[in-house]
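Rule-based calculations on the coordinates, nothing more; no lab input. Worth saying up front: this structure is predicted, and the values here are computed from it rather than measured. Every residue, glycine as well, gets a Cβ built from its backbone with ideal geometry; the counts of neighbours run over all protein chains shown.
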Amino acid sequence: MPILVSSLLGTAVGSAVVYFTSPTLAGVLAGSALNWITIHSLAIDALFAILICFFILCYLETKWIAVNQSFPYTFHLKNNLGKSSFDFQLVVFELWHTNKLNRYGHMVCLFCEQFLWLYIIRITFGISGLALTNVALGMQAFSFGDLRLGFGSAAFNAAYSLLGMWAFDGFAPVAAIDICKIALFWVVVVRTAVHAAEPLPPVYDSETDSFGETWGDDGYHLIFRKPFSALWLFILGIVSELASGVPGRLFGTALYKALYRAGGFRSSTLKGVDTAREEALSTLKNGWASNEMLAPYFLKSSSVVITEKLPLEC
């Protein structure tokens, strides 16, 4: 499917979802006054529509997403369920976050984003929607195969949900969700910005139909050499980082790393954080072929069709 058609399809779906679910937009259509906060919130609603389009493109246009410096396979549902998928996400996280500023910046931001997302869900879909979200996140956490992590994740999400209601239910619903959306946006901007400390990932080569073996210079160098390219990657990066912070994506990884580092948590079934980091650094040094879990994603597409699911069976 041509990228233009896929983009239009994704934008149409995203716009429809936002149109029917946004409390801010509903308030404006009902005659609420426009102010700076409302305009800011409506702009983030547009970003949410683009976010939904991004998820659709991760399935329909994986090559285009890859060309623009994102790794689309991490957003596939099957790669976010089950033990092997958790190990996969952990190694990819370590691979894309080798710099301390980037790594710890992501950890702090992901905890903030989970809290904000849960309250946005609470206002948008009500208590029942929030409860169903907690059930779905609990099922995902237990699919990883570690009971302690499953219970810990469920407890954190429940605590976040209750804390959000305690903190924001005293405000008018539209005001509360506007506060959360604006805060979420700027937290994501910070998380995108700290990626400048990381080397640019290998690019997709359409001529060889595969990814390059080498990583580029640190991202901030691109700001001075190719400012327009840097701006484009930053804009796309905001969408990609927003997507990676959606409940069900990277919060489990962030919680696992936090428990591993701060609480001495060790899983008998999941890959250790130190092991994942060693694999990531080895992959950076020796290339994709050295990592049997990731290598299939970086082979020619004719091979990927056959091998893509093998390392990620749940």
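Observations, loosely collected:
- Label point distance in nm, Thr21-Phe151, each placed 7 Å from Cα along Cα→Cβ: 3.2 nm
- About its Cα centre, the dipole of segment 77-312 is roughly 500 debye, where the only charges are +1 on Lys and Arg Cβ and -1 on Asp and Glu Cβ.
- With both labels modelled 7 Å from their Cα along Cα-to-Cβ, the Ser143 to Tyr220 distance reads 3.9 nm.
- Using the Cα coordinates of segment 1-54, the gyration tensor eigenvalues translate into equivalent-ellipsoid semi-axes of 25, 11, 7 Å, sorted from longest to shortest.
- Most fluctuating residue given options Ala26, Ala172, Ala158, as computed from a GNM of the chain linking Cα atoms under 10 Å: Ala172
- Computing FRET efficiency as 1/(1 + (r/R0)^6) for Ala262 and Val13, where r is the C-beta to C-beta distance and R0 is 35 Å, gives about 0.30.
- Highest mobility in the GNM of the chain, judged by mean-square fluctuation with C-alpha springs under 10 Å and restricted to Lys285, Lys63, Lys181, is found for Lys285.
- Sum of side-chain charges, Met107 neighbourhood, beta-carbon under 15 Å (Lys, Arg +1; Asp, Glu -1): +3
- Segment Ser128-Ser32, length gained on full extension (0.36 nm per residue, minus Cα span): 31.9 nm
- Kirkwood-type hydrodynamic radius, segment 5-158: 17.8 Å, calculated from all non-identical alpha-carbon pairs.
- Mean Kyte hydropathy of 0.0 or more with a Cα span along the axis of at least 24 Å, helices from DSSP in the chain: 3-21, 36-60, 100-143, 147-168, 173-193, 227-244
- Dipole of the chain, positive direction: furthest Cα of Phe265, Tyr104, Ile182, with charges on the beta-carbon: Phe265
- Cα coordinate range in the chain, projected on the principal axes (Å, largest first): 58, 44, 36
- Note on segment 77-312: lysine pairs with Cα distance below 20 Å, sequence gap of 8 or more or different chains, count 10.
- Sites Ile3 and Ile39 - FRET efficiency at Förster radius 35 Å, r taken between beta-carbons, to 0.05: 0.70
- GNM result for the chain, Cα springs below 10 Å: residue of Ser267, Ser240, Ser70 fluctuating most strongly: Ser267
- For segment 55-156, size of Cβ-based charge dipole, Lys and Arg +1, Asp and Glu -1, in debye: 60 debye
- Helix-only mean residue ellipticity at 222 nm for the chain, each DSSP H run of n ≥ 4 adding -39500 (n - 2.57), per residue, nearest 500: -23000 deg cm²/dmol
- Separation of segment 138-153 and segment 57-75, taken as the distance between their Cα centroids, equals 28 angstrom.
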